[in-house]
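Notes for the one structure printed next.
The values are calculated or read from the model by the stated rules, or taken from the named source; none is laboratory data. Since the structure is predicted, the reported quantities are computational estimates derived from the model, not experimental observations. Here the Cβ positions follow ideal geometry from the backbone for every residue, glycine too, while neighbour counts run over all protein chains shown.
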């Protein structure tokens, strides 16, 4: 009997949540059911997901920015088929694979000239772990400084750079004795730490994944100057905001920075095969691989596999050929302007911020008396239940997938694929306007949904915490 995956999928698609409950993460299943995210998607194309009844869902999450070029792009599909058809040797390990050389060349054609050495891995957190090792090897120093509210990954080293207790709880001890977190824009605290002379790296996200915040001052250029003054490497985490997301190829380019190391992943996969990269100055790279007996002192089994390399090559080509960097800047500006215009109508909206197509909509207590009371009720239980209520309605009522930006943040975050146009912008803005209009009707169906969240949150907290899904 031959293995027929298509037949298996046709027969069993729809069992998704039961299978996950039995064999994978039943807590995630429970949370998704509470917030109404337990949809079964049967196929995907471009900016849309489709359920088993062929209903279209606008994907404004993009797999956390994996799908900058859209889902199931034909150019990437062809590249994968070509690799499979060629029967190339793969992961020989004791060789120099051809496709990884080509992808490294393609990446360094797009980075500033000083970033000319590439190491391939599988994910963003793995790229960050490697970047920390590179920085220590290059400087001989141990400590790392990062920013509050940062997100750099969930393995122990990258997790240590984060200040979010919802992710770090239960996993200590971390590298806290070697890591210091400072507030964004706090240049005095940064200099105080760097002046101690033991900091290997200062790690930044040009636009923070949690809350979409970036400096309101000239903090980044001044920070780069301090790094050079005190012999600290500047590491820019471009995993989510790189490869066009912010309206430039790399987020650090908004401040004309020259980071010593950058990390990439997500979009580099083309949406198919995990692919991450560390890109650094050659002299930093060589401090890690410093002798022949250390030529594989940092390595990863699947890092240079042919399928991932082909996906990376195809994804970069699509970004260029379809002018997606410029499109992100243009569509992002339109989207933010139209969302911001809703502030005059909806006092729930505090701020709209971001760059390109990484955008946050922050909510705050409304000015109307009745709505203030409803707001306070939700926030006695959890600070993000209003945002979760909006996200749930955007999906259930308007079939638009978004997310809450992070724990303790009443922020709706959107990461549309960079291929969106005016049609998708209009769909989103109209839906958000509709949902926030429903919020103005108190009592009403939106606040009944809020009461349901309150009850679920109280029940959930008896065992863990409120049912809010963010990443």
Considering only residues that are more than 17 Å from residue 236 (Cα to Cα) and touching a strand residue (DSSP E or B) at 6+ places or on another chain (Cβ under 6 Å), look in region 193-220 and name the one that is modelled with the lowest pLDDT. 211
Out of 265, 328, 308, I need the residue that is under 26 Å from residue 139 (Cβ atoms), surrounded by 24 or more Cβ atoms within 10 Å (Cβ to Cβ) and in contact (Cβ under 8 Å) with a residue 12 or more places away in the chain. Which one? 265
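Residue-wise test of (1) assigned by TED's automatic domain parsing to the domain that holds residue 270; (2) in a helix (DSSP H, G or I); (3) at pLDDT below 95.
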site	(1), (2), (3)
408	no, no, yes
424	no, yes, no
427	no, yes, no
453	no, yes, yes
Being crowded, with 24+ Cβ neighbours inside 10 Å, farther than 24 Å from residue 189 by Cα and touching a helix residue (DSSP H, G or I) at 6+ places or on another chain (Cβ under 8 Å) is the filter here; which residues of region 130-152 pass it? 134
What single numbered condition from (1) assigned by TED's automatic domain parsing to the domain that holds residue 241; (2) in contact with a helix residue (DSSP H, G or I) (Cβ under 7 Å, 6 or more places away or on another chain); (3) surrounded by fewer than 16 Cβ atoms within 10 Å (Cβ to Cβ) fails to hold for residue 38? (1)
Quick one: which of 271, 276 is buried (at least 20 other Cβ atoms within 10 Å of the Cβ), touching a residue at least 24 places away in the same chain (Cβ under 8 Å) and on the phi > 0 side of the Ramachandran plot? 271
Could you pull out the residue among 287, 229 that is surrounded by fewer than 21 Cβ atoms within 10 Å (Cβ to Cβ), in contact with a helix residue (DSSP H, G or I) (Cβ under 7 Å, 6 or more places away or on another chain), modelled with pLDDT of 95 or more and not in a strand (DSSP E or B)? 287
Read through the list (1) touching a strand residue (DSSP E or B) at 6+ places or on another chain (Cβ under 6 Å); (2) crowded, with 19+ Cβ neighbours inside 10 Å, then give the number of the only condition that residue 355 fails. (1)
Within region 85-117, the residues that are touching a helix residue (DSSP H, G or I) at 6+ places or on another chain (Cβ under 8 Å) and not in a loop (DSSP other than H, G, I, E, B) are 99, 100, 102, 103, 106, 107, 117
Taking residue 360 and the conditions (1) in a helix (DSSP H, G or I); (2) crowded, with 21+ Cβ neighbours inside 10 Å, which numbered condition does it fall short on, given that it satisfies the others? (1)
Against the conditions (1) in a helix (DSSP H, G or I); (2) surrounded by 15 or more Cβ atoms within 10 Å (Cβ to Cβ), where does residue 68 fall short? Just the number, please. (1)
